[in-house]
Amino acid sequence: MVALQTAPPQPGPAVAALLDFVLLGTIIGTIGNAVVSRLSNPVGKFRLLYAVVLFPITLLAYGVLALLGFGPALVANLPGLPSVLGSILTNIVEFSAAGLVWLASYAPTIPGVREVRDIELSTGHALVKMARYVLGLSVVVAVVIAPLQLVPSGASPLVLVISLAIMGVVFLYASPWIVPVLRSTIDATDEVADRIATLRTRAGLEVRDALVLDTDDEETASTLVRGPPGYRRLFITSTFLDAFDDETATALLAIEAGRLNSHVLEIRMSTAIAAGVALVASVTGVGPRWPILGVSLGALLVGFWLSRRGVRLADEYAAEQVGATTVAEALDRYAETHAMTPTRRRVPNPLSVNVALGDRINRLDRRTDT
């Protein structure tokens, strides 16, 4: 008998689907830009547009392309590849294709962001920086999830979810080395390095070192602390150093230190893992479906509440370091720099991991009055 070999997927349907998603992303991005630019607090609405509309479209594109075998169809033409390397290349191709959909939907929003924030952000330059980020992230994620290829095909979906959770934790703690690959950094002068060290000391922020991210074009004034205990790295944008005086910068870094102390990031990661494992267990029938589904929902609600509590504790820590008035004014200054209107809610959103910025400022003001 002649052994039958499974033919590799044909690229035609997958390429057609990719072109359709690129067109769809461009249309939705254009419509979203036109709508959001006319809303109140458009900067915050643009962030919602990215998170709630454009990112899910990108995920959907990735899922469809993976089902159609987009990666295997292209990688199959490269002979003699080891299985692990072939799997990594397949993932890179599929992630990059989904990233192309993201770029197509993101591009129409750049002029809107430039207008509402009143910044000189070149569309071409913004796309180049985003393309570098997307390609770098595709490579990193493809390498990180490569061990999942070793999981037997007949393994329980629960095993796959747990494996993904482990990979997520590894990816999170490897961020001090990954972020410099994905983002442009600049060498800090001795004067800038000394200033950052002084700000960190005043804020009570304990990290091993700091890197400055180049954000002169997009004018994003932000900070980020990543890494495992004992090797935490502070990423601070060049705009942050230029836009804020020492008092404001110290207050914002103190909030970052407070978030480390209240383990906000770990709470969010644990919430996603616990809810995801319970959800998969419910769907796959590992246990009683509805009680386990209730556990998944309960884990989300509790985790979101703990995350919001961690944000409030971080503000309190910063208030103890530099004073509540200083922290409130720093948050106001942060919102002003990003052309944001601090939002306020009468009732906290139970499905949010953050506290509305306006509510945080009000809470600090009440603490000052007391």
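The values are calculated or read from the model by the stated rules, or taken from the named source; none is laboratory data. The structure displayed is predicted, hence computed values, not measured ones. Here the Cβ positions follow ideal geometry from the backbone for every residue, glycine too, while neighbour counts run over all protein chains shown. Only protein heavy atoms, including side chains, enter the accessible area calculation; ligands, DNA and RNA are left aside. Shrake-Rupley method; radii C 1.70, N 1.55, O 1.52, S 1.80 Å.
Quick one: Cα centre-to-centre distance for region 6-69 and region 321-368, in angstrom? Taking the Cα centre of each part, region 6-69 and region 321-368 sit 32 Å apart. Projecting the Cα atoms of Val322, Val93, Leu301 onto the charge dipole of the chain, computed from C-beta unit charges around the Cα centre, puts Leu301 farthest toward the positive end. Specify whether the C-alpha gyration tensor of region 11-150 places it in the rounded, prolate or oblate class, a ≥ b ≥ c being the square roots of the eigenvalues: rounded for a/c under 1.5, otherwise prolate if a/b is larger than b/c and oblate if not. Prolate.
For the chain, the longest principal axis of the C-alpha atoms and the axis of helix 55-67 are separated by about 20°. For the pair Ala193 and Ser83, label points projected 7 Å from Cα toward Cβ lie 4.8 nm apart. Report summary: the helix-based calculation at 222 nm, which adds -39500 (n - 2.57) for every DSSP H run with n ≥ 4 and divides by the residues of the chain, gives -22000 deg cm²/dmol.
Only four residue types carry charge here, +1 at the Cβ of Lys and Arg and -1 at the Cβ of Asp and Glu. Report the dipole size of region 203-264 about the Cα centre in Debye, rounded to the nearest 20. Let's see the in-between values first.
Working: 5 positive and 12 negative charges, 129 e Å.
The dipole magnitude comes to about 620 debye.
Rounded to the nearest Hz, the phi-derived 3J(HN,Hα) couplings of region 135-143 under the Karplus curve 6.51 cos²θ - 1.76 cosθ + 1.60 (θ = phi - 60°) are 5, x, 5, 4, 5, 5, 5, 4, 6, where x marks glycine and proline.
Taking the solvent-accessible surface of protein heavy atoms with a 1.4 Å probe, what is the per residue accessible area of region 185-369 in Å²?
Numbers: 9290 Å² over 185 residues.
With all protein chains present, region 185-369 gives 50 Å² per residue.
For the chain, a crude dipole built from +1 on the beta carbon of Lys and Arg and -1 on the beta carbon of Asp and Glu, taken about the Cα centre, is about 1420 debye to the nearest 20. Qualifying trypsin sites (Lys or Arg not before Pro) in region 292-370, where qualification requires a DSSP coil assignment and no more than 11 other C-beta atoms within 10 Å, comprise Arg345, Arg346. Remark: region 257-370 carries a charge dipole of roughly 400 debye about the Cα centre, counting +1 on each Lys and Arg Cβ and -1 on each Asp and Glu Cβ.
Between Leu265, Ile162, Ser122, the Cα set farthest toward the positive side of the dipole of the chain (charges on each charged residue's Cβ, about the Cα centre) is that of Ile162. Amide hydrogen proximity for Phe235: with H placed 1.01 Å from N in the peptide plane, the residues at 5 or more positions away or on another chain lying under 5 Å are Leu211, Leu224, Val225, Arg226. Heavy-atom surface analysis with a 1.4 Å probe gives region 11-150 a carbon and sulfur content of 74 percent of its accessible area.
Of the trypsin sites (Lys or Arg not before Pro) found in region 208-255, the ones in coil according to DSSP and having at most 13 other Cβ atoms within 10 Å of their Cβ are Arg208.
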